[in-house]
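Have a look at the structure below, then the notes.
The values are calculated or read from the model by the stated rules, or taken from the named source; none is laboratory data. Predicted model only: the values in this text are computed from it and were never measured. Neighbour counts are summed over all protein chains in view; Cβ atoms, including those assigned to glycine, are modelled from backbone coordinates with ideal geometry.
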Amino acid sequence: MVFLRKRKEREIRTVRIMIRMYCKAKHHPDGYLCDSCAEVLSYATMKYHHCMFGEDKPVCTVCPVHCYNPAMRERIRAIMRFSGPRMVLHHPLMAIDHLLLQRWSKKNMPLFLERVKGKKKRNGNLKSA
Ligand SMILES: [Zn+2]
């Protein structure tokens, strides 16, 4: 069940599907990722694994830390703009799940901001989704 897996894994999985969706429509209809989209995916995956918040990170869309470089940020944004609305149609459960993650992230924002200030990598005191 999708809701039981860890937040970070859930987010990475959603992003992977969104990049595939975008590439399939814009570049490679046969379903494999083009070099450019593969680059965005590996960049995003690398950022997830190095996230200062660890496993219980806020979703990237509302994160107070801007860890993407500006060019990558633009590319991933274009992908999200395209695939976001399509997720609701094709993967409604994942779309809802992402909204829940977003709500959870906003609810815990004061704690995330506190951690940014103190540069702490602690996962305590988080309210559940
Ligand atoms: Zn592509």
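Six or more apart or on different chains, Cβ under 8 Å: which pairs go from a residue in segment 10-38 that's aliphatic (A, V, I, L, M) to one that's at pLDDT 95 or above and near the ligand (Cβ under 7 Å from one of its atoms)? Could you list them?
Note: pairs meeting the criteria are I19/C37; L33/C23.
Please work out which residue is farthest from I76 (Cα to Cα), limiting yourself to segment 30-43 and to residues that are within 9 Å of the ligand (Cβ to nearest atom), buried (at least 18 other Cβ atoms within 10 Å of the Cβ) and at pLDDT 95 or above.
If we take residues in segment 30-43 being within 9 Å of the ligand (Cβ to nearest atom), buried (at least 18 other Cβ atoms within 10 Å of the Cβ) and at pLDDT 95 or above, then C37 is farthest from I76 (Cα to Cα).
Just checking, does segment 10-29 include any residue being within 15 Å of the ligand (Cβ to nearest atom) and either within 28 Å of K117 (Cα to Cα) or among the small types (G, A, S) (or both)? Even if it seems obvious, please write down each step before you answer.
As a first pass, look at segment 10-29 and keep what is within 15 Å of the ligand (Cβ to nearest atom): 15-29.
Those still in the list that are either within 28 Å of K117 (Cα to Cα) or among the small types (G, A, S) (or both) too: 15, 25.
The answer is yes, given that some residue of segment 10-29 is within 15 Å of the ligand (Cβ to nearest atom) and either within 28 Å of K117 (Cα to Cα) or among the small types (G, A, S) (or both).
Tell me whether segment 1-9 contains one or more residues that are modelled with pLDDT of 95 or more and over 23 Å from K117 (Cβ atoms).
no
I'm told M46 meets every condition in (1) more than 10 Å from the ligand (Cβ to nearest atom); (2) part of a helix (DSSP H, G or I); (3) surrounded by 12 or more Cβ atoms within 10 Å (Cβ to Cβ) except one. Can you identify the failing condition by its number?
Unmet condition: (3).
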